[in-house]
Amino acid sequence: MVIMALSSSPALSAFNGISIGATRLGKLFPVSPRWSICSPSFTNSPRRRGFRFVASSAIGKNEGVAEISQGETPPRIYTWPDNRKPRVCILGGGFGGLYTALRLESLVWADDKKPQVLLVDQSEHFVFKPMLYELLSGARLVLALGAEAKLDAVPGAAEFAFPFSTLEDARKVDDKLRLLERRNFGKDSLIRVAVVGCGYSGVELAATISERLKDGGVVQAINVETTICPTAPPGNREAALKVLSSRKVQLFLGYFVRCIRIASNSETSATTKENGASEDIPLQHSSEKYFLELQPAEKGLESQILEADIVLWTVGAKPLLSQLESYNKPRELPLNARGQTETDETLRVKGHPRIFALGDSSALRDSGGKLLPATAQVAFQQADFAGWNLWAAINDRPLLPFRFQNLGEMMTLGRNDAAVSPSFIEGLTLEGPIGHAGRKIAYLIRLPTDEHRLKVGISWLTKSVIDSVASVQSTLTKVLSGS
C-alpha cells in the first residue's frame, strides 16, 4: 500500500501523530522492527545481522542516510535536510510506491522545487510479485509488495494455512514442499496440496505446484464460484482449465471452506501407516495433516472433508492501510469496508488534499461506478498519474484525473506455459510457450531500472539456452538407448 504526503511547511502536518499499530515516532511515522525506512535506489541490503533502518533524503542519492541497528535507540523524529524544499513521504514500497518514486525522478524540476522523497516500507526488498510463482517452479525469482492475506475469515486459516503474497511467504511454501518431497522420496504416498481460492493467484499456484510435483502429488483447488477466474477473459480461463485438467488438478467448485483443523493423533497415526511414513521422522515434519471442511455454496452439492499436507490461502486481501491509526483522532482517513481509503479521481484522499493513495490502499471507481481491482497493472498506471499530480501540485498546475486503461491480462501456468489475452485484439489468447515468452517480455519491460532489465534478461536467456541443451541431450540419450 502507499500513501504520499506533500507539504511545504517545516513539518508534515498531514502525518502529525499518525502511528502504525501501537508504535509512534514523534510527528512523522513509527520505526519498529516491522518497518524499514529505505531509499528507492536499491542499495540498502544489510550486510550484518539485526534489523536495519535506512532513511534517504534525495531521489537516487545517498545523502543524509541514517542507519539504526537493532540494539540502538531509534530517533523519534526524522529531520529533513532542507526545510525550504517540498517534502514527499511515500508509505509502502510496492508497485504503486516504488514506481511513483521513479516517476518523480524522471520528471523535470526547477532546482528550488525538486522534492525530497522519503520511501518507507516494511521490507528491504522490492519483490516483483507477478513472478513470485517462479520460486516454486525452480526458475529465477525477480525481486511485490501488496496487501496482506486475509486469514481471519475462517477458523484455523491463520494457524494452519500458508499465505502467498510476499517473498517470505514464497520461501516458507518452498521449504515446506521440499520437506514433504524429502519425506515421501522413494515411497508410494502422495503429497496432498489444498489451494483455497481459484482466482488468478490460486490458479497460478495450482498449475505451478502440480507441474512441480508431477505424479508425486495431488493438488486440490477450492473455489466458492462455480468456475475458476470468474473475472478473467474467456481465453485465459479456457487455457487454464486445459492445463489444470492435463495435470490432474482436482477442482472443488461451488464450495467454501468452513474451517481448517489439524488431524488428531489417532487420525495422524492411521494416515501415517497408510502412507508408509517413517516413525523416526518428527511428528511435525512427517505426520502433520490437516482437514478442510467444505460447505456447499450451491444447491445440489454435498459437504466434503479434504485431507492435505499443506494448505495455501489465496482468498481475500487486507490492505495494510487499515493498520494506520491517528494518534489523537482514530480513523481520521476515510476507509471502506475493505480497509481501503476513498480517493477522488486525482488519487487524493477525500478530505486530505495533501495525501494521495493508490494501489491496494486506494478505493477508486471507474466511469461505470465499479471499484478498480487491486492489481499490479492498476498500480503501475496510478503511479504515473500520482507522480505527475505531485509535480503539478508543487508547481501550481492542474491535477489530472486518473483513467485506467485495461491492457489485457496474463497468467503463468508453469515453467514454460502461460496465457496472455491482450485487450487491443479482441478474442486473441496466446497460450503455451508463446504466451510464456510474451508474458516474460511484458514483465521485463516493466522492471524498475535498465540495470534490472539487463540482468534479468541475461539470466532468462542463459536459462533458456541451458534448458534447450539439456532437452537435446535428453532426447539424444533416449534415441541412442533405444537403438
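All of the numbers you see were taken from the coordinates with simple rules; none came from a lab. Keep in mind it's a predicted model, so treat the numbers as computed, not measured. Quick reminder, even Gly has a Cβ in these numbers, built from the backbone with ideal geometry, and neighbours come from all protein chains shown.
Observations on the structure shown:
- On full extension, the segment bounded by R453 and S246 gains 71.2 nm, given 0.36 nm per residue less the C-alpha separation.
- Paramagnetic label reach from D396 (point 7 Å along Cα→Cβ; backbone nitrogen cut-off under 17 Å): within segment 84-100, residues 85-86.
- Full-stretch length increase - A437, D366 - with 0.36 nm per residue and alpha-carbon distance subtracted: 22.5 nm
- Label sites at K113 and K350, each approximated as a point 7 angstrom past Cα along Cα to Cβ, lie 3.0 nm apart.
- Extension gain from D215 to D152, taking 0.36 nm per residue of separation minus the Cα-Cα distance: 19.4 nm
- Dividing the convex hull volume of the alpha-carbon atoms in segment 347-483 by its residue count gives 146 Å³ per residue.
- Among the listed pairs K214/K455; K214/K370; K150/K172; K242/K440; K172/K370, those whose Cα-Cα separation exceeds 29 Å are K214/K455; K214/K370; K172/K370.
- Each of N406 and V479 was given a label point 7 Å from its Cα along the Cα-to-Cβ line. The distance between the two points is 4.7 nm.
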